[in-house]
1. Provide a single number: the residues in the range 67-89 that are of a type in the set (S, T, N, Q), surrounded by 15 or more Cβ atoms within 10 Å (Cβ to Cβ) and on the phi > 0 side of the Ramachandran plot.
2. Among (1) in contact (Cβ under 8 Å) with a residue 12 or more places away in the chain; (2) open to solvent by 60 Å² or more (accessible area, probe 1.4 Å); (3) not hydroxyl-bearing (Ser, Thr, Tyr), there is one condition Glu43 misses while meeting the rest; what is its number?
3. Being β-branched (Val, Ile, Thr) and either within 11 Å of the chain's Cα centre (by Cα) or at pLDDT below 95 (or both) is the filter here, so list the residues in the range 19-73 that pass it.
4. Got a number for residues in the range 15-40 being under 15 Å from Val63 (Cβ atoms) and either touching a Gly at 6+ places or on another chain (Cβ under 9 Å) or open to solvent by 30 Å² or more (accessible area, probe 1.4 Å) (or both)?
5. Report, by residue number, each residue of the range 74-113 that is within 11 Å of the chain's Cα centre (by Cα), of a type in the set (Ser, Thr, Tyr) and closer than 13 Å to Arg37 by Cα.
6. Identify, please: which residue in the range 106-123 is open to solvent by 50 Å² or more (accessible area, probe 1.4 Å) and touching a Phe, Trp or Tyr at 6+ places or on another chain (Cβ under 9 Å) and is, among those, farthest from Ser29 (Cα to Cα)?
7. Name the residues in the range 78-102 that are of a type in the set (S, T, N, Q) and within 16 Å of Ser6 (Cα to Cα), would you?
8. Can you pull out the residues in the range 1-14 that are loosely packed, with under 12 Cβ neighbours inside 10 Å and part of a strand (DSSP E or B)?
Amino acid sequence: VQLQASGGGLVQAGGSLRLSCVAYGLTFSSYSMGWFRQAPGKEREFVAAIRRSGGSTYYADSVKGRFTISRDNTKDTVYLQMNSLKPEDTAVYSCAAGLNYWSLERVSAYKYWGQGTQVTVSS
């Protein structure tokens, strides 16, 4: 199983980025997908999650209203659209896949992890 995240980069505050994560080697439509981030010197934190059908989404309070998670089960891909970016959004963003239906904000809900993509927001 492999999860490949891409789309990160350097953007000014107020700008937008769209992250993608392509899954290989698993039945993508059976997995809930999540995005987490980790800034230097900080613990990994939950950003957003989406259930296998795409019908339910969840967000951290810090990104609610600015970020949107979506998925395309025909392309084995999950996306994170990030708008109105702030310097505090700077982190390595990683996608994760898990069979859990509940508690998708928890790291323990996920079995597979990608290596991440760097997002840097300048002020």
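The values are calculated or read from the model by the stated rules, or taken from the named source; none is laboratory data. Note that this is a predicted model, so its numbers are computed, not measured. Using ideal geometry, Cβ is built from the backbone for each residue, glycine included, and neighbour counts are taken over all protein chains shown. With ligands, DNA and RNA removed, areas are computed over all heavy atoms of the protein, side chains included. Shrake-Rupley method; radii C 1.70, N 1.55, O 1.52, S 1.80 Å.
1. Total satisfying the criteria: 0.
2. Going through (1) in contact (Cβ under 8 Å) with a residue 12 or more places away in the chain; (2) open to solvent by 60 Å² or more (accessible area, probe 1.4 Å); (3) not hydroxyl-bearing (Ser, Thr, Tyr) one by one, Glu43 breaks only (1).
3. Val47, Ile50, Thr68, Ile69
4. Adding up the residues that qualify gives 8.
5. Across the range 74-113, the qualifying residues are Tyr93, Ser94.
6. Here the residue is Gln118.
7. Quick first cut of the range 78-102, residues of a type in the set (S, T, N, Q) only: 81, 83-84, 90, 94, 100.
If the condition is that a residue be of a type in the set (S, T, N, Q) and within 16 Å of Ser6 (Cα to Cα), then Gln81, Thr90, Ser94 are the ones that fit.
8. Gln2, Gln12, listed by residue number.
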